[in-house]
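One structure is given here, and the rest of the page talks about it.
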Amino acid sequence: MADTYLKFRKHSRGFTLIELMVVIVILGILALYVAPKIMGRPDEAKQVKAKMDIASLETALKLYRLDNGFYPSTEQGLAALVQMPQSGQIPKNWKEGGYLEKGQVPKDPWGNEFVYLSPGNHGDFDIICYGGDGVAGGEGTDKDITNWDIE
């Protein structure tokens, strides 16, 4: 058995230094072309996540309204989706366990609170994410994301 292993070992060979260098150079060239395209994606992913979070908050608010006949007030805020309001207009049919799966109101992908207004300036309610800079207005990654602009 040891004799068979030695014969196999003599006839098998590893990669040569030149073969390894060619592979490294090819991977380096690919990295030069791919890396810049990937680097811009995290900001785009955060914007998509904010839109998805806003859509899920809209759904929860609509369920709240179906159960109670009204949306939470601006003062009650999005917290009314996870904890029954104790002030303002008290919901009579508030769903036990709340309206959001994880039992907490999500923050936007940049770690800021979503802004909620009810009644809103653009509908029954407005949900706003101020983007990367956390302030109203902006371009690119700092652009505001709102429920009335989401398709």
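Among the DSSP helices (H) of the chain, those spanning at least 20 angstrom by Cα along their long axis with an average Kyte-Doolittle hydropathy of 1.0 or more are 17-39; this is a geometric and hydropathy rule only. For residue 81, the solvent-accessible surface computed with a 1.4 Å probe is close to 0 Å², ligands and nucleic acids excluded. Highest-first packing order for the peptide set 130-141, 83-94, 19-30, 107-118 is 107-118, 130-141, 83-94, 19-30, based on the mean count of other beta carbon atoms within 10 Å. Legend: distances between Cα atoms for 95/143; 62/102; 51/102; 46/102; 107/143; pairs beyond 26 Å are 95/143.
The mean sequence separation of alpha-carbon pairs under 8 Å and at least six residues apart, normalised by the residue count of the chain, gives a relative contact order of 19 percent.
The values are calculated or read from the model by the stated rules, or taken from the named source; none is laboratory data. Computed from a prediction, not measured in an experiment: that's the story for all the values here. Reconstructed Cβ throughout: ideal geometry from the backbone, glycine too, with neighbour counts over all protein chains shown. Calculation scope for accessible area: heavy atoms of the full protein, side chains included, ligands and nucleic acids excluded. Shrake-Rupley method; radii C 1.70, N 1.55, O 1.52, S 1.80 Å.
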